[in-house]
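Trainee: Sharing a structure here in C-alpha cells format.
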C-alpha cells in the first residue's frame, strides 16, 4: 500500500517536472529578445506548418461539410425543417467541427513533422553545436515554430469552416434540393459573428498553441535515438489530440454557458 | 525553394485566411444589425414570453429591425420585461404599436413582431410598448380547447 | 594573442545518479595538441561540454583563459564561445541549409561583416579543408569524411584559439582519417590553436598529440607525453594502451558460476545427465 502511494507520488512529481520543463521551454522561446531578426524563420515555418497543411484541411473540410449536409438533411426533412440545414451545418462547423477537426489534422500532419524534425536535430547534435556556436536553439528553432503554429492554426480552422459550408451548400442546395435562399438566409439570421465565429476562432488559437507546444516540447525532450524519435512523434499525436478534445470541452463550457 | 517564393506563398496563405474570415463574417453570419446607425432601446412587458431568448430577432412586417437585448422579471407585476435594441434607422414606431411574440416555422424559434399603430407620436429611446401579445403556449392552447369542449 | 590555458580542477559531475567525474584535474597548455583518451562512456564528450559551458560541474572549477566558465553570464559566455570551435562526432551540420551557409553561420551570428567579406572568408575556410568546390551542396549529399571536413571549416570560421574535436577519427576510412589527422596538425602548427582531441583511437591520437590524458571511472589515471605513457606500468593504463581484452576492466560480465548454470539448465529439463 505504502509503495503504491510512493510510486503515485513519484509519478505526479515527474508529471510536474515535465510540465515545468515544457513551461520553461515555452517561456524561454517566446519571451526572450527581439523576434524581428528571426522573422524569415517564422515565415518559413508558416509555410512548412500552415501552407503544407492546406490540402488536407480543404479535402477534409469539404468532405465533412458534405456529410453534415447529408445527415442533417435526412433528419430535418422528417420535420419539414430542411430550410434550417444551412444554419445547422454552419453552426456546427464554425463552433465545433472546424476548430477541433482541423486541430486534430494539424496535430497529425504538422505536429508530428515538427517533433520528428526537432528530435532529429537533437539526435544529430545540431542543437548542441548551435549552442556551442553561441546561438540559442530555443530562439532559432523552437520559437519560430511556436509562432508559426499559433498563426497558422486559426487560419486553417477558418478555411476548414468555409470550405465545409461550401461543400454543405453543394450537397444541400444543388443536390438535395434545399431552397438556396432559405439555406443562406437561415444561416445568416442564426449565425452571429461575435457569439459563434469569434468563439470558434478563440478556440482554434488555443488549440494552435497547445498542439505546437506539445509537438515542440516532445521533439526537444526526446531520447536522442531513432526509437526515441518514433516514440516522441507518437506521443505528440496522442497527447495533442487528447489535449484538444479535453480543452474543447472546457472552452465550450466556459464560452457558451457563462 | 527560394525565399521569395516562400514569402509569396505564405502571403497568399494569410490572405486566404483573411478572406475566409471575411466570408464567414459577411456571407455566413450576416454581420449587420445595429452596426452602422446605432440602436435605441424599447421596452415591452409580456405575461408569458414562451421560449423567447436574448438575441431573438425583432421584426416589423417580417423585416428584422433589431434584437432582444435583455429579459428580466418585474417583481411587482410578475410580468416579463423585454428590452429590445431597435436599429436607429427605424424611426416611426408609433406609441400604440403592438408587440407580439411569434413562432418561426415549426422548430419553434421565438421572435417579436411589431405592428405599427396609427398614433402620430413615436417611441423614443427608453419608451415602452403597452399593447403586447404573449407567446402561444401549447399547453394553454390545449387547455382552452378542452375547456371549450365542455 | 593571449595564452589560452585550460585548467580543470577537482571537477565532480553527476548525471542521473551516476558519478561521471569524481575529482578530475588536468591542465591543458596553450597552443598544444592534447589528447583525452579513455574507454567508451567515461564521459569524454561531457568534459568538452563542461569546457564549452554547455554543462555546469557539481563542484570544482573549469577555467579557460582566466574565465571561470560555469560562472559566466549569458552574454559573456556568448563572447567566450567566439574563440572556441567544436567539431562534433557526427559533424552536426545543419541539414536545412547548404555547405556554404553552414560555414557562414558562426560568422553571421557573431559578426556584422558585409556579405562579400563573409563570402570570401567562407571560401577561404572551405579551401583549407579542401572542399571549396562543394559549397553549394547540402549535408545530405556529402560523404562522412566530407561532412566532418565541412564541420571543421565551420568550427574554424571565426579563427578560434581553442578547438575541440569529439571523436574525429571514428567511422572514417584510412584516407579520410589521414586527411583529418593532417588537418588537425596543420591547424595547430599554422594558427597556433590549442587543440583538444577526445578519442579512443590511441594510435592516431598519439601520433600527433603533445600530451595525453587517460580518463577512466571518473578519474584521470594517466597523464604524460605519448612516448612516456606507453611505458607506464599501472595495469589500467597498460590494458587500455595495449588494448588487452581482460584486465582491470574485466572481460566477463558478472554472472553466476559457469558449471552450475550449465548443469542446472540440463537437469531441469528432465535430465540428460544421470
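Trainee: In Å, what is the Rg of the alpha-carbon atoms in the range C:136-274, and how long is Dmax?
Mentor: Expressed in Å, the Cα Rg and Dmax of the range C:136-274 come to 22.5, 76.
Trainee: For each of A:115, C:45, B:103, B:91, count neighbouring Cβ atoms within 10 Å of the residue's Cβ, then give the residues from fewest to most.
Mentor: By the 10 Å Cβ count, ascending: B:91, B:103, C:45, A:115.
Trainee: For a quick check, take a GNM of chain C with Cα springs below 10 Å and name the residue from C:145, C:243, C:53 with the largest mean-square fluctuation.
Mentor: C:243
Trainee: Would you work out if the range A:171-219 is rounded, prolate or oblate? Take a ≥ b ≥ c from the square roots of the eigenvalues of the alpha-carbon gyration tensor; rounded if a/c is under 1.5, else prolate when a/b is larger than b/c, oblate otherwise.
Mentor: In terms of gyration-tensor shape, oblate.
Trainee: On average, how many beta carbons from a partner chain sit within 10 Å of the beta carbon of a residue in C:78-90?
Mentor: 3
Trainee: In deg cm²/dmol, rounded to 500, what helix-only [θ] at 222 nm does chain C give when every DSSP H run of at least 4 residues adds -39500 (n - 2.57) and the total is split over its residues?
Mentor: Helix contribution divided over all residues of chain C: -11500 deg cm²/dmol.
Trainee: Please sort A:11-18, A:94-101 by packing, taking for each peptide the average over its residues of neighbouring beta carbons within 10 angstrom, highest first.
Mentor: Working: A:11-18: 10.2, A:94-101: 24.1.
Per-residue Cβ counts within 10 Å, averaged per peptide and sorted highest first, yield A:94-101, A:11-18.
Trainee: Nearest 10 degrees is fine. How inclined is helix B:138-149 to the longest principal axis of chain B, computing both from alpha carbons?
Mentor: 30
Trainee: How many angstrom lie between the Cα centre of the range A:109-149 and the Cα centre of the range B:83-150?
Mentor: 63
Trainee: If you rank C:72, B:146, B:21, C:93 by fewest surrounding Cβ atoms within 10 Å, what's the result? Show your work: numbers first, answer last.
Mentor: Working: C:72 16, B:146 9, B:21 20, C:93 28.
Ordered from fewest to most neighbouring Cβ atoms within 10 Å, C:72, B:146, B:21, C:93 come out as B:146, C:72, B:21, C:93.
Trainee: OK, next. Under the classification rounded if a/c is under 1.5, otherwise prolate if a/b is larger than b/c and oblate if not, where does the range C:45-181 fall, given a ≥ b ≥ c as square roots of the Cα gyration tensor eigenvalues? Each step should come with its number before you reach the end.
Mentor: Values: a/c = 2.31, a/b = 1.37, b/c = 1.68.
Oblate.
Trainee: Is the C-alpha gyration tensor of the range A:1-136 telling us rounded, prolate or oblate? Criteria: a/c under 1.5 is rounded; beyond that, a/b larger than b/c is prolate, otherwise oblate. Walk me through the numbers before you get to the answer.
Mentor: Working: a/c = 3.13, a/b = 1.61, b/c = 1.94.
Oblate, because a/c is 1.5 or more while a/b does not exceed b/c.
Trainee: For the Cα atoms of chain A, what angle does the longest principal axis make with the long axis of helix A:2-31, in degrees from 0 to 90, nearest 10?
Mentor: 80
Trainee: Okay, moving on. Roughly speaking, what is the centre-to-centre gap between the range C:48-93 and the range A:39-61 when only Cα atoms are used, to the nearest Å?
Mentor: Cα centres, the range C:48-93 to the range A:39-61: 38 Å.
Trainee: Please give, to one decimal in nm, the separation of the simple spin-label points placed at residue C:9 and residue C:108, each 7 Å out from Cα toward the Cβ.
Mentor: Those two pseudo-labels are separated by 4.2 nm.
Trainee: Calculate I(q)/I(0) for the protein assembly as shown by the Debye formula, one identical point scatterer on each C-alpha and no solvent, and give its log10 at q = 0.06, 0.10 Å⁻¹ to two decimals.
Mentor: -0.56, -1.02
Trainee: What number does the range C:1-100 give for Rg over Rh if you use C-alpha atoms and the Kirkwood radius? Please list the in-between numbers first.
Mentor: Working: Rg = 14.6 Å, Rh = 14.9 Å.
A ratio of 0.98.
Trainee: Using Stokes-Einstein with the Kirkwood hydrodynamic radius over Cα pairs, what translational diffusion coefficient do you get for chain C at 37 °C and a viscosity of 0.692 mPa s, in µm²/s rounded to a whole number?
Mentor: Approximately 160 µm²/s, per Stokes-Einstein.
Trainee: Continuing with this model, one more query. Can you tell me the 0 to 90 degree angle between the C-alpha axis of helix C:99-110 and the longest principal axis of chain C, rounded to 10?
Mentor: Helix C:99-110 sits roughly 70 degrees off the main axis of chain C.
Trainee: Still on this model: Which of A:68, A:170, A:19 moves the most in a Gaussian network model of chain A with Cα springs under 10 Å?
Mentor: Answer for the Gaussian network model of chain A: A:19.
Trainee: Give me the Kirkwood hydrodynamic radius of chain A in Å, from all C-alpha pairs, to one decimal place?
Mentor: Mean inverse Cα-Cα distance, inverted, gives 19.9 Å.
Trainee: GNM, chain A, Cα, under 10 Å: largest mean-square fluctuation among A:107, A:185, A:215?
Mentor: Result for chain A, Cα springs under 10 Å: A:185 fluctuates most.
Trainee: According to a simple spin-label model (label point 7 Å from Cα along Cα-to-Cβ), what is the distance in nm between residue A:19 and residue A:250?
Mentor: So the two model labels end up 0.9 nm from each other.
Trainee: Same structure, new question: Want the number for residue C:40 to residue C:234: 0.36 nm per residue separation, take away the alpha-carbon distance, what's left? Numbers along the way, then the final one.
Mentor: Details: separation 194, 0.36 × 194 = 69.84 nm, distance 1.95 nm.
Value of the extension gain: 67.9 nm.
Trainee: For chain B, just the Cα set please: Rg and Dmax, both in angstrom.
Mentor: Reported Rg and Dmax, both Å: 22.1, 87.
Trainee: Still on this structure, I have one more. Looking only at other chains, what is the average number of their beta-carbon atoms within 10 angstrom of each beta-carbon in A:118-129?
Mentor: 5
Trainee: Rank these for me by crowding, A:184, A:213, A:175, going from fewest to most other beta carbons within 10 Å.
Mentor: Exposure proxy ranking, most exposed first: A:175, A:184, A:213.
Where a number appears in this text, it was derived from the coordinates with a stated rule and is not lab data. Keep in mind that what you see is a predicted model, and the values were worked out from it rather than measured. Glycine gets a Cβ as well: all are built from the backbone with ideal geometry, and neighbour counts include every protein chain shown.
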